[in-house]
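Here is the structure we will look at.
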Amino acid sequence: MNNLAAKGVGNMAKAMDESLSDGAMWLYDLEGLDKSAYRAFFQSDVVLALGAGAFEFRALMDSLGDFDQSVQARVLCLHPFVDSRSTDIEQYQYEVGAELGVITLLLAALVGAHSQLPTVAMEFLKDLDIGHIASESALAEEELGNITHALQQAQSPMIFIGEGFLRHKYAQLICKVVAIIEMYSKIAFIPSLAGIMQCQKLDSSDVEQILQALNNIPESNGAFVYLSPFDEENLVAPVLYATKMFLRLLHLEQGEQARLIVDCAEVACAIKQVEYLKGATAVLKGWHTQRERFYPFITAQFAQNGGYNG
């Protein structure tokens, strides 16, 4: 069983409450997932994975038990990288770094019409340019509509929040937006944020920060690596699964050993070319830092002969 998974509702609150003060959160800890979280996950008929790719979501379900044998859930993944092998999972993409834009779009779509929203949230939503945010986040409004419709029509919808959201530089703001969705919808969340004190109130200063950030959603140019929190069971050393375009741009070849720069450290990894990813993208598996985890998307950079490429 994979030793990384979503942290549960009951045991996670204290740790997250403390970690929010410095913007850091542990998300994956199978032992922390309590029985209520297990039941909610298994009983869901629609699961949306925010910031978790289809190429790793099966590993999450496997770590939780015989998920596929328990229920036949409709699974949607919203992640910058798409896996063409996963035809049984509905996949939607957004721009790397645009997590705050994505969660704001979901806020407007899922609870924007709720009459009991706090005044500050209502005023915030009234001023939003949804079309602009969707464009900058590279999430089509039609796709947003499909996701929203699936969640709203479900009897027991669930949203799993991945590290791309909880490790973002605006993680504190993202968590406050998530908490509003959780409090004013029927959607269950892993992890649950509505009960965490620091997530419970969106104030005017938060709104000002969000609006400013939404006007400066970064463009994701170049080659990117996703640091997956889930490993393949048979890996004994790090492997970088990369597209042909990625290898060409970084002057790498199938089968060679390379040293990827991750958080100022060099990670030795084997290069494996794959066809199921698209664009200048790669996924690193089999390596996890012993230090605090961080935003899982990095610009590709490799050490070569005392210098760097990328």
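Details
- Members of region 235-274 found to be assigned to a strand (DSSP E or B) and touching a Cys at 6+ places or on another chain (Cβ under 9 Å), listed by number: VAL239, LEU240, GLN257, ALA258, ARG259, LEU260
- Some residue of region 14-34 being polar (S, T, N, Q), surrounded by fewer than 20 Cβ atoms within 10 Å (Cβ to Cβ) and at pLDDT 50 or above: no
- Flag set for ALA138, criterion: within 17 Å of the chain's Cα centre (by Cα) and under 14 Å from ILE217 (Cα atoms).
- Counting the residues of region 85-100 that are surrounded by fewer than 23 Cβ atoms within 10 Å (Cβ to Cβ) and within 20 Å of TYR226 (Cβ to Cβ) gives 9.
- Any hit, region 164-182, residues being in contact with a strand residue (DSSP E or B) (Cβ under 9 Å, 6 or more places away or on another chain) and assigned to a strand (DSSP E or B): no
- Single residue of region 102-131 satisfying the filter (assigned to a loop (DSSP other than H, G, I, E, B) and in contact (Cβ under 8 Å) with a residue 12 or more places away in the chain) that is most open to solvent (accessible area, probe 1.4 Å): GLN116
- Region 137-152, residues that are in contact with a strand residue (DSSP E or B) (Cβ under 6 Å, 6 or more places away or on another chain), surrounded by fewer than 20 Cβ atoms within 10 Å (Cβ to Cβ) and among the aliphatic types (A, V, I, L, M): ALA150
- Per the listing ALA194, ALA134, the residue uniquely open to solvent by less than 10 Å² (accessible area, probe 1.4 Å) and without any contact (Cβ under 8 Å) to a residue 40 or more places away in the chain is ALA134.
- Residue within region 159-170 that is in contact with a Phe, Trp or Tyr (Cβ under 8 Å, 6 or more places away or on another chain), open to solvent by 50 Å² or more (accessible area, probe 1.4 Å) and in contact (Cβ under 8 Å) with a residue 60 or more places away in the chain present: yes
So that you can scan it fast, the table gives a plain yes or no per residue for (1) at positive phi; (2) at pLDDT 95 or above; (3) aliphatic (A, V, I, L, M):
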site	(1), (2), (3)
LEU144	no, yes, yes
THR148	no, yes, no
LEU151	no, yes, yes
PHE160	no, no, no
LEU166	no, no, yes
GLN172	no, no, no
CYS199	no, no, no
SER204	no, no, no
ILE210	no, yes, yes
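- Pairs with Cβ under 6 Å, 6+ apart, first in region 271-296 and open to solvent by less than 30 Å² (accessible area, probe 1.4 Å), second at pLDDT 95 or above and of a type in the set (Gly, Ala, Ser): ILE271/ALA258; ALA280/ALA223; ALA282/ALA242
- Enumeration of residues in region 212-236 that are over 17 Å from the mean Cα position of the chain (by Cα), open to solvent by less than 60 Å² (accessible area, probe 1.4 Å) and modelled with pLDDT of 80 or more: ALA213, LEU214, GLY222, ALA223
The values are calculated or read from the model by the stated rules, or taken from the named source; none is laboratory data. Quantities reported herein were computed from a predicted structural model and do not represent experimental measurements. So basically every Cβ, Gly included, is an ideal-geometry build from the backbone, and we count neighbours across all protein chains shown. The accessibility values were calculated without ligands, DNA or RNA, using every heavy atom of the protein model including side chains. Shrake-Rupley method; radii C 1.70, N 1.55, O 1.52, S 1.80 Å.
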